[in-house]
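J.: A single structure is presented below for examination.
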Ligand SMILES: C[S@@+](CC[C@H](N)C(=O)[O-])C[C@H]1O[C@@H](n2cnc3c(N)ncnc32)[C@H](O)[C@@H]1O
């Protein structure tokens, strides 16, 4: 029942909001500290966006980092307690808004759309299509996600956050996708010019994440 899993997924970020905020702000997640935070920030800097939209922004660290670099940043997230934590730390505009509620009239258009470990359910193709309405004519989309390794296929899994130091009462269903499934979903939704990066964990040598940088299929006139 995908509908139920998607709802449980969103609810988990309400129940786990305090634990997640602490884990991020206290630097408890080693892969973020050592690799993936720097990787997404470097990718953002390469594009020099004037306006950035952070989808599934959580407690807002990426928006704050972008604002500190002179970028006009907006964050949206379905979890009201995470948006409250983001607003309390200030530094950007935030809205409680799920991906189903994305409203171009409210959000406007952005040079860069960023999804940092935030595309977690099975409705990816439709969402990727809707994101087209939120970009400027040459605007791009950056997705960082857990590296799927060389596994094939796709399907629901469950995360219990056991390595993150407590404060996570709710298990999170999430939808696994192979590298090929990510690429097909992007192409099917009209994104092209896809650049793939695989940031490496400096201690283990493992691929820490998959970073997908996509642009419009057609070049603006
Ligand atoms: C792993 S956290 C990442 C948060 C943030 N991007 C970061 O890097 O710290 C995933 C975030 O995606 C948000 N999210 C998941 N599904 C969503 C949906 N359908 N609509 C809006 N936000 C969603 C969650 O509420 C959560 O804040």
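J.: Please report the equivalent ellipsoid semi-axes of region 1-139, computed as sqrt(5 x eigenvalue) of the Cα gyration tensor, largest first, in whole Å.
T.: With the √(5λ) rule applied to region 1-139, the semi-axes are 21, 20, 14 Å.
J.: Also, I was wondering about something else. Go through 83-95, 38-50 and give me the packing order, highest mean Cβ count within 10 Å leading.
T.: 83-95, 38-50
J.: Could I ask something else about it? At q = 0.19, 0.21, 0.22, 0.23 Å⁻¹, work out log10 I(q)/I(0) for region 118-217 with the Debye formula, treating every Cα as an identical point scatterer and leaving solvent out; two decimals please.
T.: Here log10 of I(q) over I(0) equals -1.02, -1.15, -1.21, -1.27.
J.: Now for a separate question. Per residue and in Å³, how big is the convex hull formed by the alpha-carbon atoms of region 74-121?
T.: Details: hull volume 4.3 nm³, N = 48.
Per-residue hull volume (Cα only) is 90 Å³.
J.: How many angstrom separate the Cα center of region 153-181 from the Cα center of region 68-130?
T.: Computed from Cα coordinates, the inter-centre distance equals 20 Å.
J.: At each listed q (0.28 Å⁻¹), what is the log10 of I(q)/I(0) that the Debye formula gives for region 1-52 modelled as equal alpha-carbon point scatterers?
T.: -0.93
J.: Which FRET efficiency value, to the nearest 0.05, is calculated for residue 100 and residue 160 with the Förster distance at 25 angstrom and r the Cβ-Cβ distance?
T.: Between residue 100 and residue 160 the formula returns 0.45.
J.: Stretched out fully, how many nm does the piece from residue 171 to residue 69 gain, at 0.36 nm a residue minus the Cα gap? Provide the component values of the computation, followed by the final result.
T.: Values: separation 102, 0.36 × 102 = 36.72 nm, distance 3.49 nm.
Taking residue 171 through residue 69 to full extension adds about 33.2 nm, to one decimal.
J.: In nm, what is the difference between 0.36 nm times the number of residues separating residue 178 and residue 41 and their Cα-Cα distance?
T.: 46.9 nm
J.: Extending each Cα 7 Å along its Cβ direction at residue 138 and residue 206, get the distance between those two points in nm, one decimal.
T.: Each label point lies 7 Å from its Cα, and together they span 3.9 nm.
J.: Given the -39500 (n - 2.57) contribution per DSSP H run of 4+ residues, what per-residue ellipticity at 222 nm results for the chain, rounded to the nearest 500 deg cm²/dmol?
T.: Mean residue ellipticity, 222 nm, calculated: -9500 deg cm²/dmol.
J.: Using only the alpha-carbon atoms, what does region 145-188 span along each of its principal axes? Please give whole angstrom values in decreasing order.
T.: Projected onto its principal axes, the Cα set of region 145-188 covers 38, 17, 15 Å.
J.: Continuing with the same structure: At 7 Å along Cα-to-Cβ for each site, give me the label-to-label distance between residue 14 and residue 187 in nm.
T.: 3.9 nm
J.: Right, another one. Where is the GNM fluctuation largest for the chain (alpha-carbon springs, 10 angstrom cutoff): 195, 24, 114?
T.: 195
All of the numbers you see were taken from the coordinates with simple rules; none came from a lab. The shown structure was predicted, so the numbers you read here are calculated from the model rather than taken from an experiment. Note that we place each Cβ from the backbone using ideal geometry, even for glycine, and neighbour counts take in every protein chain shown.
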